[in-house]
Amino acid sequence: MNSASKPLLHIRELNKSYGDLHVLKNIDLAIWPGEVIAIIGASGSGKSTFLRCLNVMEMPQSCFMDFADFSFDFREGARARPDVQQLQQLRTQIGMVFQSYHLWPHMTVLENVIEAPVRVKKMPRKAAIEQADALLTRVGMYAKRDSYPAKLSGGQQQRVAIARALAMKPQLMLFDEATSALDPEMVGEVLSLIATLAEEGMTMLLVTHEIAFAREVSNRVLFFDQGVIAEDGPPEELLVKPQSARLQQFLRRILHEDIIASQENSR
């Protein structure tokens, strides 16, 4: 049982559509400080869109959101609908790491990490550099601080992306398939870093197909299916003894794909 008096993030009636396509359907979820939540589901089930709505990269059609000291109503015309400044403040508190890194190619590793703290949070450049050096040391990338992204491997770029997100000192971290674009031998180094953040108490949501990792690192697992949270529970129950036929089918398919990938990699 979490000892916090209230959730870090509580969303209710989250809906997101693209034209006639209803991607997310009345999602309710409470996330407590220190929780690590793995999100699984088939492609197109709404997982990535859900994360993008949480840090408002995508604007939901409707959603009641309580996050830290924020309280918003995203319905059109609502009195508590956030303005541009409030959205910017919200995004500084919710870090996000994508599958395709999104590092600025014309900036060095160090410049990538200090850019947002200096420009958005108005941190003095000297303090931002000191913080960046500490973060790059933490993720094992200090030796590459003066390199450009094009000179880095995929795993190295992703570790820099994580350092860049942590530089804003977010209260919540979102990982959207952070290892799916990596070569198999580089997946482990990024998963190890995420596991370390989990051990340190960082509140995180992870969209992942790494089922074994989800079972090891998460407190809860959400199974998304056709725009809803179809199952929500501890990994030792949900991933070992799935209740719904849809989740059983999904896990069998993932296991089959992992076996094929393992055979191909061993050739």
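The single condition from (1) over 30 Å from Ser218 (Cα atoms); (2) within 17 Å of the chain's Cα centre (by Cα); (3) β-branched (Val, Ile, Thr) that Val120 fails is (2). Looking at the range 71-82, is at least one residue over 30 Å from Ala212 (Cβ atoms) and touching a helix residue (DSSP H, G or I) at 6+ places or on another chain (Cβ under 8 Å)? Yes.
Remark: pairs (first residue in the range 138-156, closer than 19 Å to Thr179 by Cα and touching a residue at least 12 places away in the same chain (Cβ under 8 Å); second residue in a helix (DSSP H, G or I) and open to solvent by 50 Å² or more (accessible area, probe 1.4 Å); Cβ separation under 7 Å; 6+ apart in sequence or on different chains) = Leu152/Lys144; Gly155/Glu189; Gln156/Lys144.
Hey, does the range 72-84 have a residue that's assigned to a helix (DSSP H, G or I), open to solvent by 10 Å² or more (accessible area, probe 1.4 Å) and either farther than 15 Å from Val207 by Cβ or modelled with pLDDT under 90 (or both)?
yes
Restricting attention to the range 45-88, the residues being in contact with a Pro (Cβ under 6 Å, 6 or more places away or on another chain) and either closer than 27 Å to Ala178 by Cα or of a type in the set (A, V, I, L, M) (or both) number 1. Among the conditions (1) aliphatic (A, V, I, L, M); (2) in contact with a Leu (Cβ under 9 Å, 6 or more places away or on another chain); (3) loosely packed, with under 13 Cβ neighbours inside 10 Å, Val228 misses just one, which is (3).
The set of residues from the range 1-23 being over 17 Å from the mean Cα position of the chain (by Cα) and part of a strand (DSSP E or B) comprises Arg12, Glu13, Leu14, Asn15, Lys16, Ser17, Tyr18, Leu21, His22, Val23. Scanning the range 240-254 for residues that are open to solvent by less than 40 Å² (accessible area, probe 1.4 Å) and either within 20 Å of the chain's Cα centre (by Cα) or without any contact (Cβ under 8 Å) to a residue 24 or more places away in the chain (or both) returns Pro242, Ser244. Candidates in the range 130-142 are the residues that are of a type outside the set (A, V, I, L, M, F, W, C) and closer than 16 Å to Val190 by Cα; of these, the one that is least open to solvent (accessible area, probe 1.4 Å) is Gly140.
Has the range 100-111 got at least one residue that is in a helix (DSSP H, G or I), open to solvent by 40 Å² or more (accessible area, probe 1.4 Å) and polar (S, T, N, Q)? No, that holds for no residue. Considering every residue within the range 4-17, establish whether at least one is modelled with pLDDT of 95 or more, over 26 Å from Ser153 (Cα atoms) and among the basic types (Lys, Arg). Yes, the range 4-17 contains a residue that is modelled with pLDDT of 95 or more, over 26 Å from Ser153 (Cα atoms) and among the basic types (Lys, Arg). Filtered by the rule that a residue be in a loop (DSSP other than H, G, I, E, B) and touching a residue at least 12 places away in the same chain (Cβ under 8 Å), the range 37-71 gives Ala42, Ser45, Gly46, Asn55, Val56, Met57, Glu58, Met59, Pro60, Gln61, Ala68. Among the numbered conditions (1) more than 18 Å from the chain's Cα centre (by Cα); (2) in contact (Cβ under 8 Å) with a residue 24 or more places away in the chain, the only one that Gln85 does not meet is (2). Take the range 200-219 and flag every residue that is without any contact (Cβ under 8 Å) to a residue 12 or more places away in the chain and of a type outside the set (Asp, Glu). Passing the criteria: only Ala212.
The values are calculated or read from the model by the stated rules, or taken from the named source; none is laboratory data. Only a predicted model underlies this, so the values are computations on that prediction, with no experimental measurement involved. Note that we place each Cβ from the backbone using ideal geometry, even for glycine, and neighbour counts take in every protein chain shown. Remember, those area values only see protein heavy atoms, side chains included, never the ligands or the DNA or RNA. Shrake-Rupley method; radii C 1.70, N 1.55, O 1.52, S 1.80 Å.
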